[in-house]
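Written out below as structure tokens is the structure these notes cover.
The values are calculated or read from the model by the stated rules, or taken from the named source; none is laboratory data. Remember, predicted model here, so these are calculated numbers, not experimental data. All Cβ positions, glycine included, derive from the backbone under ideal geometry; neighbour counts span all protein chains shown. Note: areas computed on protein heavy atoms with side chains; ligands, DNA, RNA excluded. Shrake-Rupley method; radii C 1.70, N 1.55, O 1.52, S 1.80 Å.
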Amino acid sequence: MTITTQQIAELLIGVARSQQAIIDAVESMKAGFKGTYLGPALDSAARIRSTGRALTLQDFPARVRKLEAPFLGGLRELKSHALVGDVRGRGLLAGVELVWHKRTREPFPRERKIGAICAGIAEKHGLILRAIGDTLALCPPLVISEAEIAELLKRLEKALDETAMTLSDR
């Protein structure tokens, strides 16, 4: 089974919202069990409780609203790059579309896999993102700082520059 970071985040938020019901259910089972098998369930209950506290203390929705401007604003500045046709996003989730011809927004031939090439170069610079065709999907962690967003943008720009240099036929 494959789980994306977005699904994990949604799961954690859902779990945090229903944490007390889960904890109560696990704790009510303790009396009926003998042995160590309940250990993972109790461990999960403790993690759910601490995750719920973290989500409550951090106020992630407010955090995302605050960080959306530097994140998406910085990505939109990359629209001036020769490879970037469009930037779309909301909150801390964005897509950077790579194009063959900037003016017409004509895409690269699919077999070139430019998105995957750029994602590989980005990873060499310590930036992990996902290529969906020739759109780079970015979903940084909810705990990212403004300084880390600035670093993410620098690394992405380096990856775009190096990707452009690999295209001798442009």
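Details
- Surface per residue (accessible, 1.4 Å probe) for the stretch 88-161, Å²: 59
- The stretch 90-130, accessible surface, carbon-and-sulfur percent (1.4 angstrom probe): 52
- The Cα center of the stretch 92-170 and the Cα center of the stretch 67-84 differ in position by 11 Å.
- Note on the stretch 105-170: Rg/Rh from C-alpha atoms, Kirkwood Rh, equals 1.00.
- Close amide H pairs (under 5 Å, H built 1.01 Å from N) link Ile132 with Ala137, residues at least 5 positions away or on another chain.
- Under a model in which nothing but the beta-carbon of Lys, Arg (+1) and Asp, Glu (-1) is charged, the stretch 54-170 shows a dipole of about 240 debye around its Cα centre.
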